[in-house]
Amino acid sequence: MRFPPVVAFGTLAYLVPSTYAWGAAGHEIVATIAQMYVHPRALETMCDILDLPSNNCYLARVATWADQQRMRMRWSGPLHYVGALDDHPSDTCAFPGSRGWAGNRGINVLDGVKNTTSLLQDWVNHESSDDVASEALKFLIHFVGDMHQPLHLTGRDRGGNSVKVLFDRRHTNLHSLWDSLLIAKAVRTVPRNYSQPLPYPRIEAALRGTIYDSYVRRIMWEGVLNSWDDDLEEWLSCPVPDVPTTSPGGLLGMWNMAYSTTTKLVQAFLRDGVEISPDGPILCPYHWSQPNHQLNCEIIWPKELDEPPFNVRFDSSDEEELAHGHDDDLEDPEPMLGELPLLQLDTPQYSGVIARRMILEKLLAQGGIRLAGILNYIFADEDEFERGQRGAFLTKLDD
Ligand code: ADE
Ligand code: ZN
Ligand code: ZN
C-alpha cells in the first residue's frame, strides 16, 4: 500500500528523538521559514537540482536527508557539529579558546556550510556535476539547521548526548532535549489561534497539515514579522574585514589580503587544535554561531549538572574513604556515581525561561533567515535583490 505524502511528511514520527540531529521537526521548520524568503528563480533552480516537481517543491522535504545518510556515509558524522578543545559549558565557553578546535581540519559544521556553499557556486559556474550539487544542497539545508542548535557547537560530553536528564516523566539526555523534546513541547502547547495565513502564500500548502503548522505561524507572527523584524539584517550581516585602504588589486585583492591576515591570526593562537577557515564578508558561519554558542554557558547547560547531588566530585581523601570504608558513612551514604539523581528540566527555571525568552523560536528563525540568505546568494542574480544596507541577500516577497 502506498501512503499519501502527508503521512510521510509532518507526522508525529518526526518528533522521535535522534542522537545526532536537530530533530526532524527542527530541520523542517528551518527549511520552511527559509523558503518564505527564497527568491522564486532561486527556488526554481533548486527544485531542478533536487528533482522535485515545481508545483510540489518544498525544501523541508530534504531537510533531514543528511541524517538518514549518516550510516551510509560514516565520514559525514563529524560534519554535523563543531567543538573546541577548551570548551566546557557551563563554566567555560571557549569558541575556540587557546588550544583551538577539536577534530579533523575542515570536518565540522562551520566548514560544512562553507564547503557545500562553494560546491554549489561551482555548479552555478558549470564547474561541478548535478549529482554533486544535489548532495551539497541537501547537506547545506541540513547543516544550517544543525549550526543553530547550540549543543552542536560544543563537544563537551558529545554535545550533551552523554548527559542524562529528566524532562517531565521522560528519561532523556540534554542533547535530545534540545534536538527534539523542547520543540515537541512547544508544538504541543502553542495556542491554536495561530492559524492566520502568513503573507507568503507559496509555502501555505507545505505548512498546512504539518504538526508544526501553528508553531511556525507563531514564530513568524510574533517574532520574525514583529519583535525581530528590525534584527533580520543583523542576523545576516558579517563583520567587515579590517583591511588597509591602500591594498592593491581592487575587491579581490582586498579579500585575499583579509583572508590571509585572518588565517595568520588564527594560526598564531592555535596550538594543538585544527584550523577553521575564516569567515567571508557574506557567509560567516563562525561569526553567526558565536552568540549561540555562548547560550550554552548562559542557560542551555544547567550549572546544577556539575554540582552535588547531580555530580559528585571526589577529592583524594574521598577516594581513600571509598577504598577503606568508613563506618560513620553508613548512616548517610553518599550516592554511588551510577545512582546519581537526574536533574529535572521541565521546570519554570529552565524550560519556562527558555519559552518565555523565545530562545528556541529565535534560533529556528535565525536558521531559516540565514539559510534563505545563503541560498539567494548562491542562486539568485544580484540584480534581483533589493540588497539591504548591510549587504544582506534577503527577498521579502508579498506575492
Ligand atoms: N557528537 C559529538 N559531539 C556532538 C555534538 N556536539 N552534536 C552532535 N553529535 C555529537
Ligand atoms: Zn545533523
Ligand atoms: Zn543533534
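Here, each number is a calculation from the coordinates, and none is a lab measurement. Just so it is clear, the model here is predicted, and its values are computed rather than measured. Here the Cβ is made from the backbone with ideal geometry for all residues, glycine too, and neighbour counts use every protein chain on show.
Within the stretch 127-177, the trypsin sites (Lys or Arg not before Pro) that combine a DSSP coil assignment with at most 16 other C-beta atoms in a 10 angstrom radius are 169. Net charge of the neighbourhood of residue 58, taken over other residues with C-beta under 14 Å away and scored Lys/Arg +1, Asp/Glu -1, is -1.
Around residue 101, which amide H atoms from residues at least 5 apart in sequence, or from another chain, sit under 5 Å from its own amide H, with H modelled in the peptide plane? Amide H neighbours of residue 101: 85, 273, 274.
For residue 128, the amide hydrogen comes within under 5 Å of the amide hydrogens of 123, counting only partners 5 or more places away or on other chains and with H modelled in the peptide plane. Comparing Cα centroids, the stretch 59-129 and the stretch 211-228 end up 28 angstrom apart.
Computed from the C-beta positions of residue 272 and residue 357, the FRET efficiency with R₀ = 30 Å rounds to 0.25. The calculated FRET efficiency for residue 240 paired with residue 132, based on their beta-carbon distance and R0 = 30 Å, is about 0.40. Taking amide hydrogens as placed 1.01 Å from N in the peptide plane, the amide H of residue 173 sits under 5 Å from those of 165, each at least 5 positions away in sequence or on another chain. Sorted largest first, the principal axis extents computed over the alpha-carbon atoms of the stretch 102-141 equal 34, 16, 12 Å.
Using r as the Cβ-Cβ distance of residue 75 and residue 294, and R0 as 30 Å, what FRET efficiency do you calculate, to the nearest 0.05?
Working: r = 30 Å, r/R0 = 0.99.
According to the calculation, E is roughly 0.50.
How charged is the neighbourhood of residue 198? Take every other residue with its Cβ under 9 Å from the Cβ of residue 198, and add Lys/Arg as +1 and Asp/Glu as -1.
Values: positive: 217; negative: 204.
Local charge sum for residue 198: 0.
Using a simple spin-label model with pseudo-atoms 7 Å out from Cα toward Cβ, residue 121 and residue 98 lie 3.5 nm apart.
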